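Data first, discussion second: the structure below is written as structure tokens.
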Amino acid sequence: PLFGGALSITVPDGFVDISQVRQLPDHQEVFASSTTDQSLIVEILEAVDEDNPLEYHFAQLAEANDSRESKVWRVARLSATTSVLCGEQLVAKFNERGANRVAVLLALVRVPEHSADVLVSLNAPLSISAESSSSAALSPDTDVEQLQAQFVETVQTLKINDYTLFG
């Protein structure tokens, strides 16, 4: 259960709840895998009035991460209210010199009756710089097609149990 049970989603095996380790903003739930360096984030956001809201969120994320490069691979609609974007960004972890190539998968669930968006993101390393703090511990073996399929499966388990979450 997320946000006190207001939302639920099936988190992939091996992911741990980061709120048990550090404080998170009230609008976020974060899970991470120590073996794959992947993270899954669920955020409650105010709806954006954009023609391409997923591309907007992807660009915002690239900017927040000081991404050196970013590229959208594809965007697909899963339902009337849910869309998925798959792309990649070149980002440095903890402001390190070495940048890692990371698959960024976003799902946007629109909740128009509450002017809200639920944004689910999965970050998965595709290649890790030798200068990254993750280089010694990880050697990514990421099958992008399988990653995308698993992400869609995860997103399809998202359920809104209590709409009062949105105010």
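Assorted remarks:
- Among the residues making up segment 98-133, those that are farther than 11 Å from residue 84 by Cβ, touching a strand residue (DSSP E or B) at 6+ places or on another chain (Cβ under 6 Å) and hydroxyl-bearing (Ser, Thr, Tyr) are 127, 129, 132.
- When residues of segment 3-54 are limited to those that are among the aliphatic types (A, V, I, L, M) and either touching a Gly at 6+ places or on another chain (Cβ under 9 Å) or assigned to a helix (DSSP H, G or I) (or both), the one most open to solvent (accessible area, probe 1.4 Å): 18
The values are calculated or read from the model by the stated rules, or taken from the named source; none is laboratory data. Keep in mind it's a predicted model, so treat the numbers as computed, not measured. A quick note on method: Cβ atoms are made from the backbone with ideal geometry, for glycine too, and the neighbour counts reach across all protein chains shown. Heads up: the accessible areas ignore ligands, DNA and RNA and are worked out on the full protein's heavy atoms, side chains in. Shrake-Rupley method; radii C 1.70, N 1.55, O 1.52, S 1.80 Å.
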